[in-house]
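The values are calculated or read from the model by the stated rules, or taken from the named source; none is laboratory data. All values reported here derive from a predicted model rather than from experimental measurement. FYI the Cβ positions are ideal-geometry reconstructions off the backbone, even for glycines, and counts take in every protein chain you see.
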């Protein structure tokens, strides 16, 4: 049974046990505009919470993506290399960035759930 | 002024109404994009007609007793041949420091109407218009004055279908060629129209009194070929067209020769001199410079932004000054300065993007063919 969390940096984590699928929220994708390039982390890499590990670029600018939790990168969504626009089309679906195993699930504490994130992004 | 201390152009409310996402730019609240998004806006302009509010740019008249006197006064500040301008003709020029550095680029137009004999209209960029107008005013000789138009809007309409939009509204303007201008009326609205722009496409720039700007914009937008376009697409359009962004692709530390803008210094001025920095610039024209502005094409998909270092065999040979994604080119595009011996299309270079080496090559500019109407 998976659960979705959101960070204040507008990343989402779909967590199932100790594995997480990470991308940017629908709200963030809308704010960013047309995505033209995604730089993904190498699989097998061990990362600490807060490390900058990926980059998403719109026509106008480049934004860093930070590791929302510590752990090991297990998959990178290579389909985004040829079709970065998937990030706009299905940000919380086929437009995921990478998957990782979480080394310390307590780092999820304090992250927002869907309702709290909706409130956080309400204009 | 709005709550954030930003100035608003006469079209700001309309831009918001059309869904423009307003951002601070050169002290103004300007639309960076509309609901279509930058990619679609960019492509729409290349295929149809985009409308841009460029009222933040600085418009002014330089007024003297007769054309030659006014033209000579401006020629003391810029390397253009203004004396030879025919009535209604426009040219691109550069405001130079005494060392020959580029403070700004601008358009200079000779008034058409005999009533305005001795008037030249200038349009400078928004970013430093106050400083640059002050600089011009301070350097004009007695008897010639700068008259800044503070209640004037400027609307650009750009793209291959623009002429179809303009023909029914103003057939005279639609008959002009690139860099020609005229005083006319569009739907009863008095305005000054030039066939020019900064997207690489055919198009017009229309100067109009602030109080009529909205009427004119509404009239143009009535045609379904016309859509509002934001600063985001304006930037990607000019970059694909190989055109410089003032303060980025050149600044006071770069001369026109380094900036590959030799064409903005006509032969007569190379011989006569008499413009700021003429001595170093004429020498550079003959002897070359250490670095030159070139087009740079990253060979992968990663855009290389302003400030990206350019290496060759591990050695620093230059920097990117403008870079991003070219929607029509369908890949990353950039411009920057490299060692002059490398300024040959096809030369392989390395770009250092976030610490990683990305292959690139020197590219011929523009990235997308310019489509000016020359008759």
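Please tell me if residue B:31 is within 14 Å of another protein chain (Cβ to nearest Cβ), surrounded by 21 or more Cβ atoms within 10 Å (Cβ to Cβ) and either in contact (Cβ under 8 Å) with a residue 24 or more places away in the chain or in contact with a strand residue (DSSP E or B) (Cβ under 9 Å, 6 or more places away or on another chain) (or both).
Working: within 14 Å of another protein chain (Cβ to nearest Cβ): yes; surrounded by 21 or more Cβ atoms within 10 Å (Cβ to Cβ): yes; either in contact (Cβ under 8 Å) with a residue 24 or more places away in the chain or in contact with a strand residue (DSSP E or B) (Cβ under 9 Å, 6 or more places away or on another chain) (or both): yes.
In short, yes.
Quickly run through the stretch B:69-86 and pick out the residues that are in contact (Cβ under 8 Å) with a residue 40 or more places away in the chain and either touching a strand residue (DSSP E or B) at 6+ places or on another chain (Cβ under 8 Å) or not in a loop (DSSP other than H, G, I, E, B) (or both).
Pass one, the stretch B:69-86, residues in contact (Cβ under 8 Å) with a residue 40 or more places away in the chain: B:69-71, B:73-81, B:84.
Selection gives B:69, B:70, B:71, B:73, B:74, B:75, B:77, B:78, B:79, B:80, B:81.
Please verify whether the stretch B:291-304 includes one or more residues that are outside the structural domain of residue B:47 (by TED's automatic domain parsing), within 24 Å of the chain's Cα centre (by Cα) and either without any contact (Cβ under 8 Å) to a residue 24 or more places away in the chain or assigned to a helix (DSSP H, G or I) (or both). Checked the stretch B:291-304: no residue is outside the structural domain of residue B:47 (by TED's automatic domain parsing), within 24 Å of the chain's Cα centre (by Cα) and either without any contact (Cβ under 8 Å) to a residue 24 or more places away in the chain or assigned to a helix (DSSP H, G or I) (or both).
If only one of B:37, B:19 is within 14 Å of another protein chain (Cβ to nearest Cβ), crowded, with 18+ Cβ neighbours inside 10 Å, out of contact with any helix residue (DSSP H, G or I) (no Cβ under 6 Å at 6 or more places or on another chain) and at positive phi, which one is it? Reasoning before the result, please.
Details: B:19 fails: crowded, with 18+ Cβ neighbours inside 10 Å.
Going through B:37, B:19 in turn, just one is within 14 Å of another protein chain (Cβ to nearest Cβ), crowded, with 18+ Cβ neighbours inside 10 Å, out of contact with any helix residue (DSSP H, G or I) (no Cβ under 6 Å at 6 or more places or on another chain) and at positive phi: B:37.
Would you confirm, using the coordinates I've provided, whether residue A:74 is more than 23 Å from residue B:23 (Cα to Cα) and surrounded by 14 or more Cβ atoms within 10 Å (Cβ to Cβ)?
Working: more than 23 Å from residue B:23 (Cα to Cα): yes; surrounded by 14 or more Cβ atoms within 10 Å (Cβ to Cβ): yes.
Taking the combined requirement at face value, the residue satisfies it.
Conditions tested, residue by residue: (1) under 19 Å from the mean Cα position of the chain (by Cα); (2) outside any loop (DSSP other than H, G, I, E, B); (3) over 19 Å from residue B:56 (Cβ atoms).
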position	(1), (2), (3)
B:205	yes, yes, no
B:216	no, yes, no
B:224	no, no, yes
B:248	yes, no, no
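Can you report the number of residues in the stretch B:257-269 which are in a helix (DSSP H, G or I) and either crowded, with 18+ Cβ neighbours inside 10 Å or in contact (Cβ under 8 Å) with a residue 24 or more places away in the chain (or both)? The number of residues fulfilling the criteria is 3. Only one entry of B:34, B:116, B:61, B:82 meets the criterion of being under 26 Å from residue B:214 (Cα atoms) and not assigned by TED's automatic domain parsing to the domain that holds residue B:192, and that entry is B:61.
Among the residues making up the stretch B:181-204, those that are within 14 Å of residue B:122 (Cα to Cα) and surrounded by fewer than 24 Cβ atoms within 10 Å (Cβ to Cβ) are B:192, B:196. Got a number for residues in the stretch B:305-335 being more than 13 Å from chain A (Cβ to nearest Cβ) and not in a strand (DSSP E or B)? Residues in the stretch B:305-335 being more than 13 Å from chain A (Cβ to nearest Cβ) and not in a strand (DSSP E or B): 2 in total.
Note on the stretch B:236-247: among residues that are within 14 Å of chain A (Cβ to nearest Cβ) and surrounded by fewer than 20 Cβ atoms within 10 Å (Cβ to Cβ), the one that is nearest to residue B:371 (Cα to Cα) is B:238. Among the candidates B:357, B:333, single out the residue that is surrounded by fewer than 16 Cβ atoms within 10 Å (Cβ to Cβ) and not assigned by TED's automatic domain parsing to the domain that holds residue B:45. Testing whether each residue is surrounded by fewer than 16 Cβ atoms within 10 Å (Cβ to Cβ) and not assigned by TED's automatic domain parsing to the domain that holds residue B:45 leaves just B:357.
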